[in-house]
Each structure stands twice: as C-alpha cells, then as structure tokens.
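Laboratory data are not the source of any read-out in this text; all were calculated from the coordinates shown. Computed from a predicted structure; not experimentally measured. No Cβ is skipped: glycine too gets one built from the backbone with ideal geometry, and neighbour counts run over all protein chains shown.
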Amino acid sequence: MSATLMAVGVLSLHISPNVHVISTASRSPAFMQIPATIGEAKSRFQAALGKYQTPAMPTQSFINSMLTQQFALVAPTYRYSRIYSVGFEFLCQAYLPVTCRTPEDAEKIRKAMYTALDFDPMQCKADAEQLLAFAAGKSEAELLGSDDFQQVKEKPFKYSLQFGAGLITLMKAVGVEPGKESIDRWCAALNLPNAASLTRDWENFNLQMSKLETFQEMMLQMNAAAKRTEAARLKAKAEAAAKEATDAEAEAAAEVSE
C-alpha cells in the first residue's frame, strides 16, 4: 500500500433507467430508481453522505469498488437476493472500521452506499442478519437447498462483488473453507458461471486484508510515536515552567535579602 493509501417486499413494479422491469418482490425496499450510471451512483452517495464530507483515500477506494457494482443492478438478469446483503454487510465490516476515522463515520458511509445503489440500509442489514441466523447450525447441503439459494439457481443470475462476498460469508457460516474447490462446487450447485470471478474476488479480498493489517499496524505505531512525542513535549514544558518558577522564587528571595 502506498504512503497515500495509508494515511443490498411488496408486489409492485420498479422501473430502472434502462427501462427493464424488476419486481420488487425480488428487490429489497428502495427509495428511488436504480442509478443509471456509476457516475449517478457516486453523486447519490455524496448527496447522502453530505456535500462537504470527504472520506480518507483508503475508504474512498473501497467506496468506489462498491459503487462500480452498479452495472450488475441494471443487468437484465439482476435479481435481489439476501445473499447480496450478507456480502454487503461483510465487506463493510471488513473495511470501514479500519479505514474510517470514527464508528459514526463508518455507519454514515455504509448507509450512504446502500442509498446510492437504491437500497434501504436498515432492511438490507436485517436481511443479512436473518439469513446468517438461518444458516447457523445448517449443513452445506441444507443451505444450498434452501429457498435463497434455489431462487438463484432457478434462472440466470447476475453476479456482483457483494453477492460473491455473501457466498463466501455463508460458506464460512456452515463450516466450509473458501477456496477454488469449494467455490467451484458452490457455483456448480447454483448454476453460476462465475467461479473464476468469485475466486479472483476472494483472492483480492485476502490481499487487501493483508494490506489493511499492515496499514492498521503502521497507524498504531504512528499513534504510539505521536503520543510519546506529545508526552515528551508536555514533560519539557512542565520542566521549563518549574524551572521558571524556581528561578522566580530565587530572584524574589534575593531581592528580599537585599
């Protein structure tokens, strides 16, 4: 990482700007229409976050990677899945606490990314929590045979970074170690032709996590050094003040003796 980088209802119709029709039975409750372009998604994000809010560069890099997945939402084969929300939440939890200044900043950014992509952040978080709770204690076969997974399998499904992260998270939830063999097996079970993409995304995630660990350790060291420097400065200031007081007392005593 360079020095600069250090420092996802009710039955109704939802019309996208590309004029294809998506039933919101397959989509989490939304506020607006799906953004027509990545640029529009980024503009919505900034509006939701606040005009004068500027995330740190590592955070902005993550935001960009999430918002560029807008392309999946306007694809004819796009359908909402709770698996998407599981992945969205997983990625936010992995990146934002490490790169944001405060927990409050991390939460604002998480919500703004959902809003930018036309999702309800509260509903998506609930979807993720419910699916993970459902997966707890299940076997791999039971989870792959569940409704959420069978709905993906039944017809062509558009892959996205968030959906892939959801699959990985749910693999772990049922005790499956993510890797090429397990990814190939799950994609085959879901009729997804995206095993190579998911494998690549998983490898890249691990690489980025390694970089973030280095970043976090470096920040801890820098903070510790800054605290030591500040402590030394305060000590020197106190010593100077004490000396000044002693000198003043001595001077006053000398004047009295005269």
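Key figures for this structure:
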| quantity | calculated |
| --- | --- |
| Pairwise FRET efficiency - A242 versus Q93, Cβ, R0 = 41 Å, nearest 0.05 | 0.25 |
| Nearest-20 debye value, region 53-168 charge dipole, Cβ charges on Lys, Arg, Asp, Glu | 260 debye |
| Computed Kirkwood radius, in angstrom, where 1/r is averaged over Cα pairs of region 135-204 | 12.0 Å |
| Proximal charge balance of K125 [Cβ under 13 Å; K/R count +1, D/E count -1] | -2 |
| Region 106-203, relative contact order in percent, only Cα pairs under 8 angstrom and at least six apart counted | 27 percent |
| Farthest toward positive dipole pole in region 38-178 [+1 Lys/Arg, -1 Asp/Glu at C-beta], among Q123, Y52, L91 | Y52 |
| Loop trypsin sites (Lys or Arg not before Pro), region 62-136, which have at most 14 other Cβ atoms in a 10 Å radius of their Cβ (DSSP) | R101 |
| Residue order, fewest to most beta carbons within 10 Å, for T169, T102, T199 | T102, T199, T169 |
| Neighbour-count order for L132, L161, fewest beta carbons within 10 angstrom listed first | L132, L161 |
| Peptides ranked, highest mean first, by Cβ atoms within 10 Å: ranges 174-182, 57-65 | 57-65, 174-182 |
| Cα gyration tensor category, rounded, prolate or oblate, for region 67-177 with a/c compared to 1.5 | oblate |
